[in-house]
Amino acid sequence: MIRNEEIEKVIDESQQGNSLALENDTKNTRKLYIESYGCQMNFSDSEIVASILAKEGFNTTQDMAEADLVLVNTCSIREKAEQTVRKRLEKFNAVKKTNPGMKVGVLGCMAERLKSKFLEEEKIVDMVVGPDAYKDLPNLIQEIDEGRNAVNVILSKDETYGDVAPVRLNSNGVTAFVSITRGCDNMCTFCVVPFTRGRERSRNPQSILEEVNDLWEKGFKEITLLGQNVDSYLWYGGGLKKDFEKATDMQKATSVNFAKLLEMAAEAQPKMRIRFSTSNPQDMTLDVIETMAKYRNICKYIHLPVQSGSDRVLKAMNRLHTREEYFELIDNIRAIIPDCAISQDMIAGFPTETEEDHQDTLSLMEYVKYDFGFMFAYSERPGTLAERKMEDDVPEETKKRRLREIIALQQQHGLFRTQQHVGKVEEVLIEGTSKKSEAHWMGRNSQNTVVVFPKENYTIGDFVNVKINECTSATLIGQAVGLSINN
Ligand code: SAH
Ligand code: F3S
């Protein structure tokens with residue numbers, strides 16, 4: 001039996017922010033405090049920002065009270081994410097009373113969405129910088145140093161930050177994000193991302209491989225290739241995907257799609273674990289699944305958001321596949337990679353969603369039995385097609401009840417999936433000490449499930465074979481049986 005408070009906790013945890021810091025350069029004199037909210041891409045972007053600012057004389061700190069510059073990398077995906085940022089700005093205001101010289105900048109999706117309105121609405125804010133404008137930070141900081149407000153929210157068709165080597169903030173030294181695409185062209189009707197992050201563009205594969213090799217040399221053991229829609233990755237020497245048709249024969253012949261990029265990364269570092277996120281069902285091709293099956297070091301896990309199980313709602317969301325096509329994709333994944341874990345994103349209470357549509361979502365979940373899920377109540381976002389053309393007509397109470405039903409079913413399925421691991425010996429990469437016990441390590445198996453086991457003589461970054469003895473709906477508990485051959 002799952003209690004409602006536990007479900008509320010699951011909902012709340014997706015909204016947490018993190019302050020980020022790293023080991024510092026002694027030559028630098030100014031102090032940067034940076035906080036990130038929202039998706040993995042924002043965390044990755046904060047590492048790019050810290051890298052750009054390190055060259056401008058900034059070291060990171062985790063103490064806002066001593067910071068010269070306080071940055072908050074914001075999320076607009078749901079209203080609640082924006083409210084969280086507004087609350088943080090109140091806190092910054094309080095700190096400014098004891099640290100009057102500190103300047104405050106907002107970065108990311110909320111900056112892009114609100115632009116200079118931010119300066120009017122929140123007096124504490126000195127600087128507003130959109131996700132494609134981080135290279136302009138040195139100029140913008142000069143502006144605010146001279147006492148003026150500064151804004152740059154210009155979106156770009158080609159900026160990928162491929163030439164900026166990110167510094168690793170709050171790193172465990174084992175796992176890292178590597179961004180491969182920016183923006184999104186899908187225009188799902190509920191989603192603000194295409195407006196805040198602009199057109200989709202792919203990063204030069206050479207710079208991606210250089211980053212992967214560099215991470216391996218620094219001792220990292222696992223990377224996650226990041227994009228809003230990784231399966232749509234396409235490099236033919238630069239340029240937007242929609243212009244590929246106009247590329248020369250030579251460019252077409254040497255182009256790199258996502259399956260090829262995965263293969264290149266897997267071969268460049270055969271011992272590096274490779275993950276990727278996010279896959280959009282409409283763009284995921286069989287060659288990606290086959291590439292995953294072919295390489296031992298590509299993790300057997302696919303985050304495959306579906307949002308709804310109802311064909312009518314999928315259409316209204318502008319998701320370009322049907323329920324049946326999604327099932328076909330799931331069947332193909334299971335046939336080609338029998339031990340592959342699959343996770344979802346789901347939205348409860350999209351406009352016009354009926355009880356029957358909701359039942360379709362539950363029955364789709366029953367078919368797939370996802371390993372994990374990220375589930376949300378629909379939140380109307382200004383400027384999206386859904387906001388302009390549809391009424392947010394599902395009552396709040398109904399949205400919440402449907403969301404609770406979805407989460408409860410997901411927890412049952414999570415338990416069903418974790419139980420399949422019990423009794424097996426699985427390779428786990430140690431990421432750090434377990435949150436609940438100093439005496440235990442925490443790591444993940446290939447399927448991305450958290451595994452906890454007694455520390456013994458193993459250490460962070462080891463690949464360890466662990467016999468799984470017990471489980472909860474989200475965690476496996478086991479005992480190490482030895483180092484894996486991957487070390
Ligand atoms: N392709 C992206 C999706 C970004 S948004 C990725 O890389 O993950 C992450 C999830 O937030 C979406 O899959 C969707 O389930 C949820 N979401 C987006 N807009 C939303 C909205 N307006 N209300 C509720 N949930 C939303
Ligand atoms: Fe948003 Fe759909 Fe792109 S959810 S990020 S518009 S794939």
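Before moving on, here are some points about what is shown:
- The single residue among Arg417, Arg401 that is out of contact with any Lys or Arg (no Cβ under 7 Å at 6 or more places or on another chain), of a type in the set (Lys, Arg), open to solvent by 30 Å² or more (accessible area, probe 1.4 Å) and assigned to a helix (DSSP H, G or I) turns out to be Arg401.
- Residue in the stretch 329-385 that is least open to solvent (accessible area, probe 1.4 Å), counting only those that are within 16 Å of ligand 1 (Cβ to nearest atom) and at positive phi: Gly349
- The stretch 189-200, subset in contact (Cβ under 8 Å) with a residue 60 or more places away in the chain and surrounded by fewer than 21 Cβ atoms within 10 Å (Cβ to Cβ), residue nearest to Glu380 (Cα to Cα): Thr189
- Among the residues of the stretch 181-211, just one is within 11 Å of ligand 1 (Cβ to nearest atom) and on the phi > 0 side of the Ramachandran plot, namely Gly183.
- Scanning the stretch 327-357 for residues that are closer than 30 Å to Ser76 by Cβ and touching a strand residue (DSSP E or B) at 6+ places or on another chain (Cβ under 7 Å) yields Ala341, Ile342, Ser343, Gln344, Asp345, Met346, Ile347, Ala348, Gly349.
- Meets criteria (within 16 Å of ligand 2 (Cβ to nearest atom), under 23 Å from Phe195 (Cα atoms), part of a loop (DSSP other than H, G, I, E, B) and among the aromatic types (Phe, Trp, Tyr)) for Phe376: no
- Hey, Asn59 part of a strand (DSSP E or B) and within 16 Å of ligand 1 (Cβ to nearest atom) or not: no
- Filter result (open to solvent by less than 80 Å² (accessible area, probe 1.4 Å) and free of Cβ contacts under 8 Å to residues at least 40 places away in the same chain) within the stretch 429-441: Thr433, Ser434, Ser437, Ala439, His440, Trp441
- Of the residues in the stretch 201-216, at least one is surrounded by 17 or more Cβ atoms within 10 Å (Cβ to Cβ), closer than 24 Å to Pro281 by Cβ, within 14 Å of ligand 2 (Cβ to nearest atom) and touching a residue at least 12 places away in the same chain (Cβ under 8 Å).
- First in the stretch 36-64 and closer than 30 Å to Cys191 by Cβ, second anywhere and charged (D, E, K, R) and in a loop (DSSP other than H, G, I, E, B), Cβ under 7 Å, 6 or more apart: Glu47/Arg168
The values are calculated or read from the model by the stated rules, or taken from the named source; none is laboratory data. Model, not experiment: these values are computed from the prediction. Note that each Cβ is placed from the backbone with ideal geometry, even for glycine, and that neighbours are counted across all protein chains shown. SASA here: full protein model, heavy atoms, side chains in, ligands and nucleic acids out. Shrake-Rupley method; radii C 1.70, N 1.55, O 1.52, S 1.80 Å.
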